[in-house]
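Student: Here it is, the structure in full.
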Amino acid sequence: MANVEAALKEAMTGIEGSLGVALVDYTSGMALGTVGGGKDLDLTVAAAGNTDVVRAKVRTMEMLGLKDEIEDILISLDTQYHLIRLMKARGSKGLFLYLALDKTRANLAMARHQLRSIEGDLEI
Amino acid sequence: MRRVLRARPERGLPVVEAALGEELRRLRARVPSLTGSVVAASDGLVLARDLATGDADGTAALTAAAMGVAVRMSDDAGHGALRELLVHGEDGYVACYRAGSAAVLTVLAQARINVGRLHLESRAASGRIGRLVDVATRDTPAPLRLPYRQR
C-alpha cells in the first residue's frame, strides 16, 4: 500500500513518458496531490478541467441508462496521451488519477497497466 | 458665453461600473452552477452586482463583516494578508476573493460546482476587478476637482 505522494511519484518516475500526474477529487474539482507538470501543463487547471470531463461522462451514462462504471478514459492528442483512471477502492470513491504522457516516448498499453496497479496499491 | 460643466464620459465610476458588470456576467457564463456574484467595497457597499435572486446589499454587507473576521484570523495565525474565504454550506458555496486594495469579489455557487474551476476563474476575475477598482479610486479625486471639459 502506498500513500498519495508515493503513488504519484511512482507514476511520474516509473511510467515511461510521464509529463505529469495528479490525484483529483471530482466532487470538488480540486487536486489532492500533483507531481510533475510545469508551465506547459498546469495540473491545477487540468484537475478542474478533467473534472468536467468525468462528470460529463457520468451524466451521459446516466442518460443512456447504463448501469456500469467508468474504468478509465483515454484522450489522444497529437503529441500527448491523457489518461484518466477512476479510483475504485472503498473510501476513495469520487477520486480519479490523471496522467499526461508524451506520445513519442510512452507505451500506452504499459502505461495503462502500470496506472491500474498504482491505483490498486494507493491508500487514501 | 455659456459654459457647460460635464465630467469626461470616458473616465470615472460609471464606466468602471459597466466594466465590473461585464466582468461578473462573463464569470457567470464561464462557470456552470455559479448563481451570482457581487463586487463589494471594503466598507460593505455594492460596487457591482450580477444576482438573479437575492439581496446584493445584504451580501455585500455580510462580505465586509466576514472578511473583517477572516483578515484577523489569517493575521492571528501568522499567515499574512487574506486572499480568499470559502464558506461551504450543505446546499452551496459562498466564496470571497480579495480584489485589489479596496474591494472584494463575492461569488455564490450551487453545491455541485467544480470548486477547482470556481477558484481558477474567480481568482483571475478578482485580479482584473481589483485593477479596475484601484485605478478608478485613484483617478477619481474629490467631486469638486473632477476633470471638466468646457464647451
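Every number here is computed from the coordinates shown, using simple stated rules; none is lab data. Only a predicted model underlies this, so the values are computations on that prediction, with no experimental measurement involved. Heads up, the Cβs are rebuilt from the backbone with ideal geometry, glycines too, and the neighbour counts pull from every protein chain shown.
Student: Considering only the range B:36-141, give the strands (runs of 3 or more DSSP E) lying wholly within it that have at least 3 residues that are over 30 Å from A:Gly94 (Cα atoms).
Tutor: Working: elements: B:46-51, B:84-89, B:92-99, B:103-110.
Qualifying strands (runs of 3 or more DSSP E): B:46-51.
Student: Moving on to the next point. Just to check your reading of the model, which residue among A:Lys88, A:Lys67 is surrounded by fewer than 12 Cβ atoms within 10 Å (Cβ to Cβ) and not in a strand (DSSP E or B)?
Tutor: The match here is A:Lys67.
Yes/no per residue for (1) in contact (Cβ under 8 Å) with a residue 24 or more places away in the chain; (2) in a helix (DSSP H, G or I); (3) surrounded by fewer than 16 Cβ atoms within 10 Å (Cβ to Cβ):
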| position | (1), (2), (3) |
| --- | --- |
| A:Gly49 | no, yes, no |
| A:Arg55 | yes, yes, no |
| A:Tyr81 | yes, no, no |
| A:Ala106 | yes, no, no |
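Student: Look through the range B:75-116, keep the residues that are among the basic types (Lys, Arg) and away from chain A (no Cβ under 14 Å), and return whichever of them is farthest from B:Arg131 (Cα to Cα).
Tutor: Restricting to residues being among the basic types (Lys, Arg) and away from chain A (no Cβ under 14 Å), the top hit is B:Arg83.
Student: Could you please find all residues in the range A:1-47 being facing another protein chain (nearest Cβ under 10 Å) and either more than 18 Å from A:Met87 (Cβ to Cβ) or in a loop (DSSP other than H, G, I, E, B) (or both)?
Tutor: A:Tyr26, A:Thr27, A:Ser28, A:Gly29, A:Asp42, A:Thr44, A:Val45
Student: Can you name every residue in the range B:85-101 that is in contact with a strand residue (DSSP E or B) (Cβ under 6 Å, 6 or more places away or on another chain) and either surrounded by fewer than 18 Cβ atoms within 10 Å (Cβ to Cβ) or over 19 Å from B:Leu118 (Cβ atoms) (or both)?
Tutor: Across the range B:85-101, the qualifying residues are B:Leu86, B:Val87, B:Gly92, B:Val94.
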